[in-house]
Amino acid sequence: MVGTIKLYERKHKLFSTINMSMAEGIAQLLSSQILFSGYLQQKSLLTQVEIKLLQAQVNPHFLFNALNTISAVIRRDPDKARELIQNLSQFFRSNLKQNVRTVSLREELEHVNAYLSIEKARFTDRLNVDIAIDDALLETQLPSFTLQPLVENAIKHGISNLLEGGNVHIYSTPVAAGFEITVEDNAGCFSPPPDTHQGLGLEIVTKRLEHQFGRDSSLKIDSKQDAFTRMTFMIPASELSKGAKVGC
């Protein structure tokens, strides 16, 4: 963006040094404002692109699996198939609403539950899910599409490798600096990619967490082969909703 500032002086009067300095100061101030406005616009566009990337990652293979699951259920249990279709509709409707930078933890969990309803039907007794999140955290704001990619990763790269007894545990833990949110599976199949990147979905999640809460809130992954994989991030005390009590 390019602009021009014009200052006028009365005819036959020299333009003073003071007026010249004032003009330069105004120009620098407006230039800074224009640059900052452009930065905010680009930042907003980047956020939208990141959200679209996360949506694009989950939709194709999840939709394919969901339709296969419903197709298998529809003959033996039409009522269950109808329920799954409603859950699938809710999931994608929630996806459309997620084109925002932040959502409440309550909304994020609703999105996760819609996703899990399909996955539990697909894996039947191979997948058990336990959610234990402190109620006081539910109105806390966090980046949209934070939990769902973690849960999907736990199922896709963990539980799907087990023949039975797959468990996913989503829970909160008070710590001195705030609250930790953890997605844990009992498969223990995580292995870092050779190029040191966590993968597109997880990489975007940790980047957006750091941008929202700071580097201390970046995604941390702890895994023990054939035992567990824990993906944890922290919500700082300063970001918690009222009523949430941090640990000592």
What pairs in 80/245; 120/220; 224/245; 80/220; 120/224 have C-alpha atoms more than 32 Å from each other? 80/245; 80/220
Test of understanding: express the Cα radius of gyration of the range 103-224 as a ratio to 2.2 N^0.38 Å, with N the residue count. 1.05
Total charge of the residues flanking residue 124 in space, meaning their Cβ is under 13 Å from its Cβ, with Lys and Arg +1 and Asp and Glu -1, is +1
Can you tell me the length gained on complete extension of the stretch residue 80 to residue 64, counting 0.36 nm per residue apart and subtracting the Cα distance? 4.0 nm
Less than 11 Å Cβ to Cβ from residue 229, Lys/Arg counted +1 and Asp/Glu -1: what total charge do the surrounding residues give? -2
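Taken together, the values in this text are just the output of simple stated rules run on the coordinates, not laboratory data. This is a predicted model, so every value here is computed, not measured. Counting neighbours? That spans all protein chains shown, and the Cβs are built from the backbone with ideal geometry, glycine included.
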